[in-house]
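The values are calculated or read from the model by the stated rules, or taken from the named source; none is laboratory data. None of these values were measured; they are calculated from a predicted model. Don't worry about glycine lacking a Cβ; one is built from the backbone with ideal geometry, like all the others, and counts go over all protein chains shown.
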Amino acid sequence: QVPVKQTIEGIVLPAEAVVLSANNLPQVWIKLSTERFLPQIVEYEELAPGLVIITNGLGADNRVVVQGSSLLNQVR
């Protein structure tokens, strides 16, 4: 690892939260209510092994699925 003096703003998530959509774009699943989920296209960068930072596409109030998002991706 090399220390870099660069600041990146975004939301840190586990890498398993990001899955590919049907047209191969990175997406996360947002929980809207009980048993209702919405796919959201995002832009991200790898932060560390197992962690990504979402730089575009999410708001601070979004509830993101971090475990089982690949299973939701199969249900579409």
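What the table below lists for this structure:
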{"quantity": "Residue ranges of strands (runs of 3 or more DSSP E) in the chain with at least 1 members exposed (fewer than 14 other Cβ atoms within 10 Å of the Cβ) and small (Gly, Ala, Ser)", "calculated": "26-33, 43-48"}
{"quantity": "Those residues of the range 40-52 which are out of contact with any helix residue (DSSP H, G or I) (no Cβ under 8 Å at 6 or more places or on another chain) and modelled with pLDDT of 95 or more, in sequence order", "calculated": "Gln40, Ile41, Val42, Glu43, Tyr44"}
{"quantity": "The range 21-37 - residue that is under 12 Å from Ser69 (Cβ atoms) and hydrophobic (A, V, I, L, M, F, W, C) and, of those, farthest from the chain's Cα centre (by Cα)", "calculated": "Phe37"}
{"quantity": "Residues located in the range 39-55, provided they are in contact (Cβ under 8 Å) with a residue 40 or more places away in the chain and more than 11 Å from Val18 (Cβ to Cβ)", "calculated": "Thr55"}
